[in-house]
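Take a look at the structure below.
The values are calculated or read from the model by the stated rules, or taken from the named source; none is laboratory data. All values reported here derive from a predicted model rather than from experimental measurement. Every residue, glycine among them, receives a Cβ derived from its backbone with ideal geometry; neighbour counts consider all protein chains shown. These accessible areas exclude ligands, DNA and RNA; they are computed on the full protein's heavy atoms, side chains included. Shrake-Rupley method; radii C 1.70, N 1.55, O 1.52, S 1.80 Å.
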Amino acid sequence: MPETTPPHPFPRAVRDALRSVFARVYLAACAILLVWALVVSRADNPDASFAGVVPLLATAPLSLILLVLPDHAAMLYVAIGTGALVNALLIGWCARALRRGPRHPG
């Protein structure tokens, strides 16, 4: 009988982290900010050019690091999306750790 390898724990950890209400609310807020920035940047007002900064700051620090990668319009969306996903994973992981409470040795 062939040995089956156990499933890798990483996808399960990602799924568990994204089940958190806090992580989902954060992702929704980032999506709303991105849509808002796109709508405002299409408008004809003096602050339109700074609208893209808001979703970048909401998904910092990773989005700011990724923004310096190749200069292409799509990189803004990749940076915001990746930063939001990584931050949501961290938020979900923290929420899960706080729900479990402190671990007692022994």
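Here Ala60 passes the criteria (1) under 11 Å from the mean Cα position of the chain (by Cα); (2) part of a helix (DSSP H, G or I) except the one numbered (2). Out of all the residues in the stretch 23-35, is one or more open to solvent by 50 Å² or more (accessible area, probe 1.4 Å), in contact with a Ser or Thr (Cβ under 7 Å, 6 or more places away or on another chain) and basic (Lys, Arg)? No - not one qualifying residue is present in the stretch 23-35.
In the stretch 83-102, is there at least one residue being of a type in the set (D, E, K, R), modelled with pLDDT under 85, in a loop (DSSP other than H, G, I, E, B) and open to solvent by 40 Å² or more (accessible area, probe 1.4 Å)? There is no residue in the stretch 83-102 that is of a type in the set (D, E, K, R), modelled with pLDDT under 85, in a loop (DSSP other than H, G, I, E, B) and open to solvent by 40 Å² or more (accessible area, probe 1.4 Å).
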